[in-house]
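Colleague: Please find one structure pasted underneath; my questions will follow.
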Amino acid sequence: MNQSDQLIIFDTTLRDGEQSPGASMTKDEKVRIAKSLERMRVDVIEAGFPIASVGDFEAVEAVANAVKDSTVCGLARALDKDIDRAGEALKGANSARIHTFIATSPIHMQQKLRMSPEQVVEQAVHAIKRARQYTKNVEFSAEDAGRSELDFLCRIFEAAIDAGATTLNVPDTVGYAMPHQFGETIRALREKIPNSDKAIFSVHCHNDLGLAVANSLAAVDNGARQVECTINGLGERAGNASLEEVVMAVRTRPDIYACHTELDTTQIVTCSKLVSNITGFPVQPNKAIVGANAFAHESGIHQDGVLKSRETYEIMRAEDVGWSRNRMVLGKHSGRNAFRTHLEEIGISFESEEELNEAFSRFKDLADKKHEIFDEDLQALVTDSRSAREENERVKLISLKVCSETGETPHANLVLSLDGKEIADSAAGGGPVDAAFKAIEALVNSGTELQLYSVNNITSGTDAQGEVTVRLEKGGHIVNGQGADTDIVIASAKAYINAVNKILEPVEKAHPQTGDRLTV
């Protein structure tokens, strides 16, 4: 294989992944994920949609300034204002790409855009030429290509290449395509478009029918050399093609796919856990590659086979994607250097001694409660610590006392710090968590509605930390809060307070397809 056989991995976790309801990320969280993707050697990181809001613009700008080795991409509709905003946000990038799009299916052109095919082609060409004023690396997407007419796709892609687009993206925007059909579409486009050899063909598949990865791989088999995907398959509706599944399929079956990626796959699990922690979307245990059970064997027959020869039941090595059968045990006697060294081994670094000291202090507190601390505990601990620093923290938990007794109504006594002033209240509830939440609301009066309450054990054992995700909504503004503690009621209170702090400052964004202002 030569350089032309490289499969470019385009990660859109920070853009399309963030469009999952409740998965909004702060600027600092986006930078942390982007740095993790960079360590994995992802080729292109789509950092966001700069025209959507001031916050999104600043996040794309921050990622562009922080990432040095990967190309940083900004999304833009085929509109001058979008492209100019993206160009401005990407000024600091070592390598920048503008990704512009317009819908090409009959239903989208007629019902959404109210434009003729001729107008769509004209606008696409204009947008690409304008984007090239900022960067020569321009990607053009035909939105809803999966339901577009082949002849029209050929026409608009040919014009896009002539206008200067270097990557042509064929999105299955609504997850409608079937693998054989989608693969044939890619092959037909490459064969029918006269100048197709002058651009890289890309695919962006959604998972509405559970076929995003299958469709992406069918496209690769038919000549696509860029796949747009997300960590853990995060994305709108049922999600996007899962980066880890696409990458490991290509790596595991070189007999089928005549291409390779440049990714450091040993970083996959670390990045997966980081995205899960930040978004509050847990990874299901049986999720391919990154699920807790992905390399677990319970069947006696399987265990016997693996012990005799790993290849009998494992087609990949756990170590190749970042899992490890061995672990360094950290506990209350561990020192700061061992703590720092081990976190660096699992892909977590500190920007300052102050951040290290704060995380180490939290580690020591946890070690007093928990005999053995696992990597998952450390991931949650650092996420919890950074979330506390990054939010404005107008509300802080000082103390919480909860009484839950058979035959009695649970009761919570709470002390908070609100804008630096300590306040206290108490409340009764249907359970200890309900009582704690009602006590918090009695003091902060956030006016929110609880949309989601989710609890996951971070590790096994009765002393395991509980990781709680709380989703609050107020007037269309949706935020996630996370908290972790060996006491699940304390973890719940931390998560609720984390969400309340976020909802104090709503951010407006524009929906990338309609342009309507949305509060998220």
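The numbers here are math on the coordinates, done by the rules we state, and not lab data. For clarity, every value in this text was computed on a predicted model and none was experimentally measured. Don't worry about glycine lacking a Cβ; one is built from the backbone with ideal geometry, like all the others, and counts go over all protein chains shown.
Colleague: Residue by residue through the stretch 260-273, which ³J(HN,Hα) values in whole Hz follow from phi under the Karplus form 6.51 cos²θ - 1.76 cosθ + 1.60 (θ = phi - 60°), with glycine and proline marked x?
Modeller: 8, 10, 9, 6, 8, 5, 5, 8, 4, 5, 4, 5, 4, 5
Colleague: A follow-up question, please. With a ≥ b ≥ c the root eigenvalues of the C-alpha gyration tensor of the stretch 106-225, is it rounded (a/c under 1.5), prolate (a/b larger than b/c) or oblate?
Modeller: Because a/c hits 1.5 or more and a/b fails to exceed b/c, the stretch 106-225 counts as oblate.
Colleague: Counting DSSP beta bridges with both partners in the chain, what percentage is antiparallel, nearest 5?
Modeller: 50 percent
Colleague: So for the pair GLU149, ASN286, with labels modelled 7 Å out along Cα→Cβ, what separation do we get in nm?
Modeller: If labels sit at GLU149 and ASN286, their model points lie 4.4 nm apart.
Colleague: In addition: In debye, nearest 20, what is the charge dipole magnitude of the chain about its Cα centre with +1 on Lys and Arg Cβ and -1 on Asp and Glu Cβ, if you could check?
Modeller: For this selection, approximately 540 debye.
Colleague: In square nanometres, what is one fourth of the surface area of the convex hull spanned by the alpha carbons of the stretch 392-503?
Modeller: 7.0 nm²
Colleague: Also, I was wondering about something else. So if I take the centroid of the Cα atoms in the stretch 55-91 and the same for the stretch 408-462, what is the distance between those two points in Å?
Modeller: Taking the Cα centre of the stretch 408-462 as reference, the centre of the stretch 55-91 is 39 Å away.
Colleague: What are the trypsin sites (Lys or Arg not before Pro) within the stretch 42-98 that DSSP puts in a loop, where the Cβ has at most 12 other Cβ atoms within 10 Å?
Modeller: Sites meeting the loop and neighbour criteria: LYS68, LYS91.
Colleague: Expressed in nm², what is the orientationally averaged projection area of the convex hull enclosing the Cα positions of the stretch 1-159?
Modeller: That works out to 10.2 nm², a quarter of the Cα hull's surface.
Colleague: Per-residue counts of other Cβ atoms within 10 Å, averaged by peptide: what ranking do you get for 122-133, 234-245, highest first?
Modeller: So the order, starting with the most tightly packed, is 234-245, 122-133.
Colleague: Eigenvalues of the Cα gyration tensor times 5, then square-rooted: what semi-axes does that give for the chain, in whole angstrom, largest first?
Modeller: 42, 28, 20
Colleague: Mind sorting THR459, THR135, THR185, THR12 by how few other Cβ atoms lie within 10 Å of their own Cβ, fewest first?
Modeller: Starting with the residue having the fewest Cβ neighbours, the order is THR459, THR135, THR185, THR12.
Colleague: Among the lysines, which fall within straight-line cross-link reach of LYS91, defined as a Cα-Cα distance under 29 Å, with same-chain neighbours fewer than 8 residues apart omitted?
Modeller: Within the straight-line limit of under 29 Å, LYS91 reaches these lysines: LYS27, LYS30, LYS35, LYS68, LYS81, LYS129, LYS136, LYS198, LYS502, LYS509.
Colleague: Order 394-402, 16-24 from most to least packed using the mean count of other Cβ atoms within 10 Å.
Modeller: The peptides rank, most packed first, as 16-24, 394-402.
Colleague: Another one. Less than 14 Å apart at the alpha-carbon level, and either on another chain or at least 8 residues along: which aspartates and glutamates does that give for LYS364?
Modeller: GLU372, ASP377, ASP485
Colleague: I would also like to ask the following. At 20 °C and 1.002 mPa s, grab the translational diffusion coefficient of the stretch 3-279 from Stokes-Einstein with a Kirkwood Rh over Cα pairs, rounded to a whole number in µm² per second.
Modeller: This corresponds to a translational diffusion coefficient of 117 µm²/s.
Colleague: Still on this model: Does the stretch 209-273 classify as rounded, prolate or oblate by the C-alpha gyration tensor (a ≥ b ≥ c root eigenvalues; a/c under 1.5 gives rounded; else a/b over b/c gives prolate, otherwise oblate)?
Modeller: oblate
Colleague: Through the Karplus equation 6.51 cos²θ - 1.76 cosθ + 1.60, θ set to phi - 60°, convert the phi angles of the stretch 334-339 into ³J(HN,Hα) values in whole Hz; use x for Gly and Pro.
Modeller: For the stretch 334-339, the Karplus-derived couplings read 6, x, 4, 5, 4, 4 Hz, x marking Gly and Pro.
Colleague: Then there is this: Per the helix-only calculation at 222 nm, which mean residue ellipticity applies to the chain, given -39500 (n - 2.57) for every DSSP H run of n ≥ 4 and division by its residues, nearest 500 deg cm²/dmol?
Modeller: -11500 deg cm²/dmol
Colleague: Take each of the peptides 280-289, 108-117, average the number of other beta-carbon atoms within 10 Å over its residues, and list them starting from the highest.
Modeller: Taking the mean over residues of other Cβ atoms within 10 Å, the ranking is 280-289, 108-117.
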